[in-house]
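The values are calculated or read from the model by the stated rules, or taken from the named source; none is laboratory data. All values reported here derive from a predicted model rather than from experimental measurement. All Cβ positions, glycine included, derive from the backbone under ideal geometry; neighbour counts span all protein chains shown. For the accessible areas, the whole protein counts, side chains as well, though only heavy atoms, and no ligand, DNA or RNA atoms are used. Shrake-Rupley method; radii C 1.70, N 1.55, O 1.52, S 1.80 Å.
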Amino acid sequence: MKALKSPFFWLILALTALFAFYPRLGNNITLRETLVLSAVYIILASNLNLMIGYTGYVNFGSIVFFGLGGYFTLWLVGAHGWNVYAAVLFAGFITSLLAMALGFGILRLRGAYFALATIGVNEAVKDFVSNFDTWGGSEGIFLPFTTYKAMGGAGKALWTVYLLIILVMGISLLLSWYVKRSKFGLGLFAIREDEDAAIVLGVKAPKYKALIYSLSAFLPAVAGGLYFFKNGSVVPEEAFNLHLSIESIVMVMLGGQGTVSGPAVGAFLYERLRGLLLTTPSLSNFHLVIAGVLLLLIILFAPGGLMGWLYKKWPRIREVLE
Amino acid sequence: MVEILSSVMDGLLIGLVYGLAAIGLTLIFGVMDVVNLAHGAIIALGMFFLYLFFGAGLHPYLALLPVAVLGFIFGVIVYQIAVRKIISGPPLMSLLATFAVSMIIIGVGTALWSTSPYNINFKVTTYNFFGYTVTSARLVSAVAAVLVTFGLYYFLYRTVLGKAVRAVANNREAAELMGIPSQQILAITFGIGTMLAMLSGALIATLFPFTILSGGVYELKSFVASVLGGLGNPTGALFGGIILGLIEGSVAPFIQVSWTNVIEFVIFVGILLFFPTGLFGGRK
Amino acid sequence: MKSAILEVKSVTKAFGGLLAVDDVTFTMFEGEILGLIGPNGAGKTTLFNVINGVYKPTKGHIVFAGQDITGLPPYEVVNKGLSRTHQIVKPLNEMTVIENVVVGACFGSENLGLEPARRVANEVLEFIGLDKYKDELAGKLNIALKKRLEVARALAANPKLLLLDEVLAGLNPTEVGKMLDVINKIRDRGISILMIEHIMQAIMSLSNRIVVLNFGRKLAEGTPDEVANDPQVIEAYLGDPEMAKRILEEEEA
């Protein structure tokens with residue numbers, strides 16, 4: 001295995017282990033709840049980066065995968081008595097399949113048209129779910145407290161789910177890393193640079209795009225399932241929150257699109273920053289303004305994000321931080 | 001039957017206002033290939049500008065004038081700060097830059113006005129035509145939307161500056177070779193697009209209560225209307241708005257209001273997929 | 001006679017009412033360099049786009065190495081061993097020169113993995129004289145090098161037939177000379193070449209045979225000499241007799 005020789009591979013494993021075990025020391029639940037949010041952001045940003053950074057397709061509605069994952073999971077667990085493991089896996093697969101089917105359609109659109117269509121899809125699904133009685137309409141789905149009994153009580157269940165979310169985070173990073181080094185990834189980057197040229201060079205663009213779109217849906221859907229299972233409820237406004245979708249793009253940009261570590265770093269920093277802004281009373285009124293100004297500054301002056309800046313400053317850092 | 005017809009009429013009238021908002025969005029896209037994600041926030045800002053002038057004692061319809069002027073200036077400033085530099089970059093950049101502007105507007109707006117609802121309280125007369133009751137506010141807003149659209153067309157087709165805008169929309173490089181200062185034209189276009197969005201917001205504010213977040217709904221409706229008419233095509237956008245209003249009006253008596261959004265977005269995605277240049281053809 | 005590598009059979013391509021390519025038929029043989037010439041707007045690039053699958057022909061067939069490839073998407077066509085370059089270069093800007101060529105090798109006729117593709121890319125870069133620039137970003141190259149990169153990428157796919165769309169346009173005389181060497185070396189490898197070119201001297205000296213298009217129709221076909229002396233070509237394509245004379249002189253020189 002060549003992977004074992006790469007320092008970056010071990011860095012991902014170490015980071016995942018740190019996330020998994022650090023809050024366990026002293027049973028620190030506050031820290032766990034902070035980290036779970038970071039982890040979810042990292043999952044969303046990393047998978048979104050597969051589309052934006054690797055393929056050059058700006059998915060503005062990526063949150064629809066997260067939301068659908070949450071809904072499928074809670075519905076299977078709540079109404080059909082599935083265990084959560086089977087439910088999240090199923091939710092991941094079915095969401096991926098839906099993305100694949102949808103992808104063959106909307107991925108024919110390019111640039112702003114694709115971006116608009118993804119917004120449209122998210123809003124359509126949100127409005128549909130809000131009216132869909134099987135899934136509780138605008139009230140959403142609530143899990144009874146007894147659900148957690150099977151997992152040894154709520155306290156224990158939450159730790160289990162936390163570890164699973166961290167696992168999904170680790171897999172997300174490995175996936176990003178693996179795709180980037182693969183022939184598949186090379187084809188995607190060619191599509192990002194110039195889709196017509198890529199096609200003439202032999203890249204099966206329609207298949208590749210649908211595949212990566214579908215792949216980028218899987219882990220966010222699983223994460224959505226775990227996250228909303230942990231919360232015990234899911235409502236349309238929260239599941240299909242377009243704002244979080246766009247914030248994920250900000251995270252990707254902040255860290256550096258097209259790199260493996262960038263979106264993760266961006267997501268982590270964004271979560272910290274957001275927390276800081278929201279909990280500092282003098283700033284909380286202005287958290288959106290500050291985030292907006294920050295985003296604008298990145299776009300205007302550092303479009304490569306943090307990683308782009310680092311690479312420029314210390315080119316050798318590429319060898320460790322991909 | 002009268003009920004259904006009334007509903008359809010209401011839809012038509014509000015559809016004209018949607019159309020005006022959509023023209024603001026589509027004009028900017030048509031000329032500079034920028035999808036303005038600050039569109040909704042700007043609509044909301046138009047509502048609050050009207051509120052401020054109204055609070056200062058101006059009649060709401062008179063206040064439309066200073067709102068328009070402010071809207072234009074605001075648009076030019078936004079262009080110079082946020083859009084100018086990335087206008088030739090990939091679409092992601094302009095989408096994000098305008099979204100950042102949206103965050104800033106909504107952030108400042110929330111700090112100033114919180115997110116609780118406001119409304120414009122002024123004297124409204126009710127008319128009755130053969131059983132169809134309609135308020136003067138609705139009629140005026142529809143007529144104002146039509147007048148502004150005519151004004152825009154007069155500008156685009158009858159004035160030198162307007163022709164320059166069309167030239168830049170058609171081919172920026174060629175226009176520059178002919179001596180048209182394209183950067184200025186782009187700034188002016190962004191100003192006009194912003195002005196139209198603010199005016200539509202101001203008109204909506206005379207009809208319904210609003211918050212700083214209200215723009216989001218109308219931004220999405222503007223997307224749908226522009227795409228129906230073909231992105232970049234102002235006439236198309238107006239008709240797109242009318243179609244949207246008519247759909248809302250004609251399905252309202254039969255199904256729950258909350259389903260209309262589903263229908264709209266399904267139409268939206270469908271049109272993007274199968275008629276990417278809109279129902280009336282036009283530029284792609 | 002050698003066997004046919006490419007048969008263009010009554011190909012027509014219409015855009016709306018406009019016939020960009022109008023009932024064009026010709027056959028090209030293995031190992032041959034066939035020149036495709038004609039005034040601007042004659043339909044040359046459109047014909048290339050039909051041959052490699054960017055456009056579906058309105059009528060007619062494309063047969064490549066005995067196989068009907070009409071209507072196949074470009075990526076399938078490349079896999080069968082037919083590569084092309086673009087008149088307006090399309091480098092993958094934010095990727096390095098070698099990565100560009102690795103793309104060509106990976107997704108070409110042999111469907112190579114990354115490692116073998118890298119080896120092929122290195123060979124091709126050396127062959128074409130771009131090895132010095134292999135770690136530069138493709139977007140940073142000058143136009144002459146970008147044209148060579150186009151050829152390198154197409155070549156890395158290991159084609160049997162290469163379509164070259166004005167690879168000489170925009171180059172200075174020294175660069176033209178270098179590119180001509182490259183083309184000759186490619187021919188010596190046994191790869192058939194179909195090329196569009198405006199520089200008459202070059203195409204007349206390189207090509208075994210020439211096909212002339214005008215207003216989408218095939219006007220003439222034959223050896224460079226035959227074509228240059230064809231009164232129809234002189235009249236319709238070259239327009240003024242002076243120009244024709246000059247070309248004949250170039251021929252003799």
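Compute the separation of the alpha-carbon centres of segment B:1-79 and segment B:119-145 and state it in Å as a whole number.
For segment B:1-79 versus segment B:119-145, the Cα centre distance is 17 Å.
For a quick protection proxy, order the peptides B:3-14, A:247-258 by their average other-Cβ count within 10 Å, most packed first. Present the calculation step by step, with values, prior to reporting the outcome.
Values: B:3-14: 18.7, A:247-258: 26.7.
Per-residue Cβ counts within 10 Å, averaged per peptide and sorted highest first, yield A:247-258, B:3-14.
Towards the positive end of the charge dipole of the protein assembly as shown, with charges on Cβ (+1 Lys, Arg; -1 Asp, Glu), say which of A:Val265, A:Leu300, A:Ile199 has the farthest Cα.
A:Val265
Return the distance in nm (one decimal) between the two label points of a simple spin-label model at C:Glu30 and B:Ser116, each offset 7 Å from Cα along Cα→Cβ.
About 8.6 nm, to one decimal.
Return a whole-number percent for the relative contact order of chain B, with Cα pairs under 8 Å and 6 or more residues apart as the contact set. The partial results should precede the final answer.
Working: 492 pairs, mean separation 113.1, N = 284.
After rounding, I find 40 percent.
When each pair of different Cα atoms in segment B:164-284 is counted once in the 1/r mean, what is the Kirkwood radius in angstroms, to one decimal? Spell out each step's value before the answer.
On the way: mean 1/r = 0.0618 Å⁻¹.
The answer is 16.2 Å.
Could you state how much accessible area B:Thr126 has, in square angstrom rounded to the nearest 10, with a 1.4 Å probe and all protein chains kept in place?
Counting only protein heavy atoms, B:Thr126 exposes about 90 Å² to solvent.
Mind checking the angle between helix B:2-32 and chain B's longest principal axis? C-alpha axes, 0 to 90 degrees, to the nearest 10.
10
If you take all C-alpha pairs in segment A:19-241, what percent of them are over 28 Å apart?
Numbers: 7743 of 24753 pairs.
Percentage above 28 Å: 31.
Ignoring everything except DSSP H segments at least 4 long, calculate the 222 nm mean residue ellipticity for chain A; use -39,500 (n - 2.57) per segment, divide by total residues, nearest 500. Don't skip to the answer; put the middle values down first.
Working: 15 runs with 235 residues, N = 322.
Counting only the DSSP helices, I get -24000 deg cm²/dmol.
Treating only the Cβ of Lys, Arg, Asp and Glu as charged (+1, +1, -1, -1), what charge dipole size does chain C show about its Cα centre? Round to the nearest 20 debye. Let's see the in-between values first.
Values: 28 positive and 34 negative charges, 157 e Å.
Roughly 760 debye for chain C.
Going by amide H atoms built from the backbone, whose H comes under 5 Å of the H on C:Ala220, apart from near neighbours?
Those qualifying (amide H under 5 Å, at least 5 residues apart or on another chain) are C:Val212.
Sorted by accessible area with a 1.4 angstrom probe, largest first, how do C:His61, C:His198, C:His86 fall? Kindly include the intermediate steps, with their values, before the conclusion.
Numbers: C:His61 90, C:His198 65, C:His86 25 Å².
If we order C:His61, C:His198, C:His86 from most to least accessible, we get C:His61, C:His198, C:His86.
May I ask for the angle, rounded to the nearest 10°, between helix B:160-170 and the longest principal axis of chain B, with both axes built from Cα atoms and the value confined to 0 to 90°?
Once rounded, one gets 80 degrees.
For segment C:88-140 and segment C:1-52, what is the centre-to-centre distance using only Cα atoms, to the nearest Å?
28
What does the structure give for A:291-302 when I average, per residue, the other chain Cβ atoms found within 10 Å of the residue Cβ?
Values: counts 4, 13, 5, 2, 7, 11, 1, 3, 13, 9, 1, 0.
Mean number of neighbouring Cβ atoms from other chains: 6.
Based on the alpha-carbon gyration tensor of segment C:108-192 and its eigenvalue square roots a ≥ b ≥ c, which shape applies: rounded if a/c is under 1.5, prolate if not and a/b is larger than b/c, or oblate? Each step should come with its number before you reach the end.
Numbers: a/c = 1.94, a/b = 1.24, b/c = 1.57.
Oblate is the answer for segment C:108-192, as a/c is 1.5 or above yet b/c matches or exceeds a/b.
May I ask you to order B:199-207, C:117-125 by the average number of other C-beta atoms within 10 Å around their residues, highest value first?
Values: B:199-207: 27.6, C:117-125: 20.0.
Per-residue mean Cβ counts within 10 Å order the peptides as B:199-207, C:117-125.
Mind checking the dipole of segment A:19-241: about its Cα centre, +1 per Lys or Arg Cβ, -1 per Asp or Glu Cβ, Debye to the nearest 20?
Roughly 760 debye, rounded to the nearest 20.
Students often get this wrong, so check it: of C:Lys2/C:Lys185; A:Lys180/C:Lys132; C:Lys140/C:Lys160; A:Lys207/C:Lys178, which have C-alpha atoms separated by over 32 Å? Before the final figure, lay out the partial values.
Values: C:Lys2/C:Lys185 20 Å; A:Lys180/C:Lys132 25 Å; C:Lys140/C:Lys160 30 Å; A:Lys207/C:Lys178 38 Å.
Result: A:Lys207/C:Lys178 exceed 32 Å.
Kindly express, to the nearest 10 degrees and within the range 0 to 90, the angle between helix B:234-251's C-alpha long axis and the longest C-alpha principal axis of chain B.
30
Give the residue from C:Leu213, C:Gly108, C:Leu149 lying farthest towards the positive end of the charge dipole for chain C; charges sit on Cβ (+1 for Lys and Arg, -1 for Asp and Glu) and the dipole is referred to the Cα centre.
C:Gly108
Just counting partner chain Cβ atoms within 10 Å, what average do the residues of peptide A:244-253 show around their Cβ? Present the calculation step by step, with values, prior to reporting the outcome.
On the way: counts 0, 0, 7, 2, 0, 4, 4, 0, 2, 3.
Per residue, the average neighbour count from other chains is 2.
I need the Debye-formula profile for segment B:2-274: one equal scatterer per C-alpha, no solvent, reported as log10 I(q)/I(0) at q = 0.07, 0.12, 0.15, 0.17 1/Å, two decimals.
Once normalised to I(0) and log-transformed, intensities are -0.24, -0.71, -1.11, -1.39.
Taking amide hydrogens as modeled 1.01 Å from N in the peptide plane, which residues meet the under 5 Å criterion relative to C:Val21, leaving out close sequence neighbours?
Correct list: C:Lys13.
Using Cα-Cα distances under 8 Å and only pairs 6 or more residues apart, what relative contact order does segment A:19-241 have, in percent? If you can, show how the numbers build up before the last one.
Numbers: 317 pairs, mean separation 94.1, N = 223.
For segment A:19-241, the relative contact order is 42 percent.
Shape of the protein assembly as shown from its Cα gyration tensor (a ≥ b ≥ c, root eigenvalues): rounded if a/c is under 1.5, otherwise prolate when a/b > b/c, or oblate?
Verdict is oblate for the protein assembly as shown.
Return the lysines within reach of A:Lys230: Cα separation strictly under 22 angstrom, same-chain partners fewer than 8 residues apart disregarded; answer none if there are no such residues.
Straight-line reach from A:Lys230, under 22 Å: A:Lys126, A:Lys149, A:Lys156.
Per-residue Cβ counts within 10 Å, from other chains only, averaged over A:106-114: what number is that?
Numbers: counts 3, 0, 3, 4, 2, 6, 9, 8, 2.
That average works out to 4.
Where does each of B:Lys123, A:Lys209 land when they are ordered by accessible area, with a 1.4 Å probe and the largest first?
Numbers: B:Lys123 175, A:Lys209 15 Å².
From most accessible down to least: B:Lys123, A:Lys209.
Which aspartates and glutamates does C:Lys134 reach when only Cα atoms under 14 Å apart count, and residues fewer than 8 places away in its own chain are ignored?
Within the straight-line cut-off, C:Lys134 pairs with C:Glu94, C:Glu99, C:Glu123, C:Glu126, C:Glu150.
Just how large is the dipole of segment B:2-274 about the Cα centre, in debye to the nearest 20, putting +1 at every Lys and Arg Cβ and -1 at every Asp and Glu Cβ?
On the way: 9 positive and 8 negative charges, 101 e Å.
Using only the charged Cβ atoms, the result is roughly 480 debye.
If I take every Cα pair under 8 Å that is 6 or more residues apart in segment C:115-187, average their sequence separation and divide by the length, what percent do I get for the relative contact order?
On the way: 30 pairs, mean separation 21.3, N = 73.
That works out to 29 percent.
Binning at 10 angstrom from zero up to the longest distance, how are the C-alpha pair distances of segment A:108-183 distributed in percent?
15, 18, 32, 27, 8
If one computes the Cα centroid of segment C:171-238 and of segment A:113-127, what distance in Å separates the two points?
Here the two parts' Cα centres lie 51 Å apart.
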